[in-house]
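Down below is the structure, laid out as structure tokens.
Quick note: the coordinates plus some simple rules give every number you see, no bench work behind them. This is a predicted model, so every value here is computed, not measured. FYI the Cβ positions are ideal-geometry reconstructions off the backbone, even for glycines, and counts take in every protein chain you see.
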Amino acid sequence: MKLLEERIREDGVVLPGDVLKVNQFLNHQIDPELMYALGQEFGRLYKEETITKILTVESSGIAPAIMTGLLMHVPVVFAKKQKSSTLDGSLYTAKVYSYTKKVENTISVDEKFLSANDNVLIIDDFLANGQAVNGLLDICNLAEAEVAGVGIAIEKSFQKGAELIKKRGVRLESLARISSFRDNKVHFVRSSEND
Ligand code: 5GP
């Protein structure tokens, strides 16, 4: 998606450890118009599917997920990373190792928000080694929900996540695909659509 690639080129900062900082528009300050455009693109890519729910994980997945839910007219559920006193029902849980924070979190979703009647679209901001999406897929499996696919804003294609998701037999659509951070610059995977 050209608009997102341009914004990454303009405002993205490459940090050590193959981390891209996008605090200008996604991870701290949020550009709602850009998020709306991401939602439109996910809506276009998954228009043949009857999605009943968007699933993401707090906190940075929420902005693109909510715009996708708005455009698809379906609720957005975000998995929580912290145990909370408001989570008083039965929970689906999965363990997720955080790429940026280097800690393992147990993510959880209240059982009442996901069921075997759902056809889920998983949305997240980044795909690195695929641990976050993997945990969300585990939660869908526990709920016996169908998964229509995964929508990622920024995929780092040189890491293992895309392969992991495809191995699980799940459709993956990423709006910007980064091939490397060579010379501290962002290089994108070229596709005919991007050229
Ligand atoms: P994964 O679970 O695929 O290894 O990593 C995905 C999660 O880690 C995303 O939800 C995102 O929050 C965070 N993450 C991974 N790589 C990056 C990155 O390069 N930049 C930022 N800002 N977050 C990242």
Q. By how many degrees, between 0 and 90 and to the nearest 10, does the Cα long axis of helix 131-143 differ from the longest principal axis of the chain?
A. 20
Q.
Ignoring everything except DSSP H segments at least 4 long, calculate the 222 nm mean residue ellipticity for the chain; use -39,500 (n - 2.57) per segment, divide by total residues, nearest 500.
A. -8500 deg cm²/dmol
(Q) Using only the alpha-carbon atoms, what does the stretch 1-73 span along each of its principal axes? Please give whole angstrom values in decreasing order. (A) 40, 26, 20
Q) Amide H neighbours of Val189 under 5 Å, counting only residues 5+ apart in sequence or on other chains, H built in-plane at 1.01 Å? A) Arg177, Ile178, Ser179
Q. Pairs Lys2/Lys81; Lys81/Lys112; Lys102/Lys185; Lys112/Lys166; Lys160/Lys185: which are spaced more than 26 Å apart, C-alpha to C-alpha?
A. Lys2/Lys81; Lys112/Lys166
Q) Residue by residue, what Karplus-based ³J(HN,Hα) values in Hz, rounded to whole numbers, does the stretch 169-177 have, using 6.51, -1.76 and 1.60 with θ = phi - 60° and x for Gly and Pro? A) x, 10, 5, 10, 10, 10, 7, 9, 10
**Q.** Karplus (6.51, -1.76, 1.60) ³J(HN,Hα), θ = phi - 60°, over the stretch 51-66, in Hz, Gly and Pro reported as x
**A.** 7, 10, 7, 9, 10, 9, 10, 5, 10, 6, x, 5, 4, x, 5, 5
Q) If you average 1/r over every pair of different alpha-carbon atoms in the stretch 2-193 and take one over that average, what Kirkwood value in Å do you get? A) 16.8
Q. To the nearest 10 degrees, how steeply does helix 32-45 sit against the main Cα axis of the chain, on a 0 to 90 scale?
A. 70
Q: Averaging sequence separations of C-alpha pairs under 8 Å and six or more residues apart, then dividing by the length of the stretch 2-193, give the relative contact order as a whole percent.
A: 18
Q. When DSSP assigns beta bridges and you keep just the ones with both residues in the stretch 2-193, what percent turn out antiparallel, to the nearest 5?
A. 40
Q) Where does each of Arg190, Arg177 land when they are ranked from fewest to most other beta-carbon atoms within 10 angstrom? A) Arg190, Arg177
Q) From the backbone phi of the stretch 88-105, what are the Karplus-calculated ³J(HN,Hα) couplings (6.51 cos²θ - 1.76 cosθ + 1.60, θ = phi - 60°) in whole Hz, Gly and Pro given as x? A) 9, x, 6, 10, 8, 10, 8, 8, 9, 8, 7, 5, 8, 9, 6, 9, 8, 10
Q. Within the stretch 1-81, which GluC sites (Glu not before Pro) sit in a loop by DSSP and count at most 10 neighbouring Cβ atoms inside 10 Å?
A. Glu48
Q. Using the Cα gyration tensor of the stretch 32-123, with a ≥ b ≥ c the square roots of its eigenvalues, what is the shape: rounded (a/c below 1.5), prolate (a/b larger than b/c) or oblate (neither)?
A. oblate
